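No value in this document is a laboratory result; all are computed from the given coordinates. None of the values given here were measured: they were computed from a predicted structure. In this analysis, Cβ positions are derived from the backbone assuming ideal geometry, glycine residues included, and neighbour counts consider all displayed protein chains.
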Amino acid sequence: EAGVAQSPRYKIIEKRQSVAFWCNPISGHATLYWYQQILGQGPKLLIQFQNNGVVDDSQLPKDRFSAERLKGVDSTLKIQPAKLEDSAVYLCASSLESWGPSLADTQYFGPGTRLTVL
Amino acid sequence: DAKTTQPNSMESNEEEPVHLPCNHSTISGTDYIHWYRQLPSQGPEYVIHGLTSNVNNRMASLAIAEDRKSSTLILHRATLRDAAVYYCILRDLADYKLSFGAGTTVTVRA
């Protein structure tokens, strides 16, 4: 079974530029998550989609970050304009369901995109 | 959110057991204890989870204290591939989020 795919793996931009990340979840997974992981910290949830609807975007800096999940499959996360503090690894994850104690809500993570803002 | 406390780091020798503690004194009756780990340059991966009883799977064992205020992840025979950051996370049935702390960095010596 193919895992969660993300691209690009690395991106270097200058502050005030724009950047976009792409994620392809595991086939059949209804729920998709974007996390931000700053060096030395654990991942922090930015946004969660259930199919193509937003479940939670309370931690997403909406003045500069946006995300979409067209047709309930692939997703893109965009930053415009980028700031120095956006330097981090951006992780995409997917799960069969959104919550519950069963293993169906286990989150599967991609390898992440490492963003450096100069 | 209920919080967990883990040591910053632990070291182990290859082929020896590793016991990773996690304190969660404010755990509620509906909080599940989840463990994920993150290998270098990879995204986190699920290890194990439990509610009240001890749990075993092919990767590890989870021992949960009787009062549920602490738990221990047990890697029975550490290999070099087990070197990672291990996260202990409390997850309520009504809370779909995985709230990661800083975790425990495990180093395995050959």
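At a threshold of 8 angstrom on Cα-Cα distance, excluding pairs fewer than six apart, so keeping six or more, what relative contact order does segment B:14-94 reach in percent?
Working: 164 pairs, mean separation 34.7, N = 81.
In percent, rounded to a whole number, it is 43.
Please compute the modelled spin-label separation between A:Ser18 and A:Asp56, points set 7 Å along Cα→Cβ, answer in nm with one decimal.
Distance between the two pseudo-spin positions: 2.9 nm.
I want to check the label-to-label distance for A:Leu70 and B:Leu93. Put each point 7 Å from Cα in the C-beta direction and report it in nm to one decimal.
4.0 nm
For the protein assembly as shown, what is the convex hull (Cα atoms) projected area averaged across all directions, in square nanometres?
Computed as one quarter of the Cα hull surface, the answer is 12.4 nm².
Would you mind checking which residues have amide H under 5 Å from B:Ala84's amide H? H placed 1.01 Å from N; only 5 or more apart, or other chain.
Sorted by chain and number, the residues that satisfy this are B:Val106.
Could you go through segment B:100-110 in sequence order and give the Karplus-derived ³J(HN,Hα) for each residue, using 6.51 cos²θ - 1.76 cosθ + 1.60 with θ = phi - 60°, rounded to whole Hz, and x for Gly and Pro?
Here the 3J(HN,Hα) series is 7, x, 7, x, 10, 8, 9, 10, 10, 8, 6 Hz.
Mean-square fluctuation check for chain A, GNM, Cα pairs under 10 Å: which of A:Gly42, A:Gly28, A:Gly53 is largest?
A:Gly42
Here is the link list: A:Lys78/B:Lys3; A:Lys44/A:Lys78; A:Lys71/B:Lys3. Which ones come out longer than 28 Å on Cα distance?
A:Lys78/B:Lys3; A:Lys71/B:Lys3
Using θ = phi - 60° and the Karplus form 6.51 cos²θ - 1.76 cosθ + 1.60, what ³J(HN,Hα) does each residue of segment B:54-68 get, whole Hz, x for Gly and Pro?
Using θ = phi - 60°, the values come out as 5, 10, 10, 9, 5, 8, 6, 10, 10, 9, 10, 4, 4, 8, 6 Hz.
What distance in nm separates the two pseudo spin-label positions at B:Arg81 and B:Thr5, each 7 Å out from Cα along the beta-carbon direction?
Between B:Arg81 and B:Thr5, the simple spin-label model gives 3.5 nm.
Counting Lys and Arg as +1 and Asp and Glu as -1, each charge on the Cβ, what is the dipole of chain A about the Cα centre in debye, to the nearest 20?
Working: 12 positive and 11 negative charges, 100 e Å.
Dipole size: approximately 480 debye.
Considering the options A:Leu46, A:Phe21, A:Thr31, tell which one lies farthest towards the positive end of the dipole of segment A:8-63, charges being +1 on Lys and Arg and -1 on Asp and Glu at the Cβ, about the Cα centre.
Highest projection toward the positive end goes to A:Phe21.
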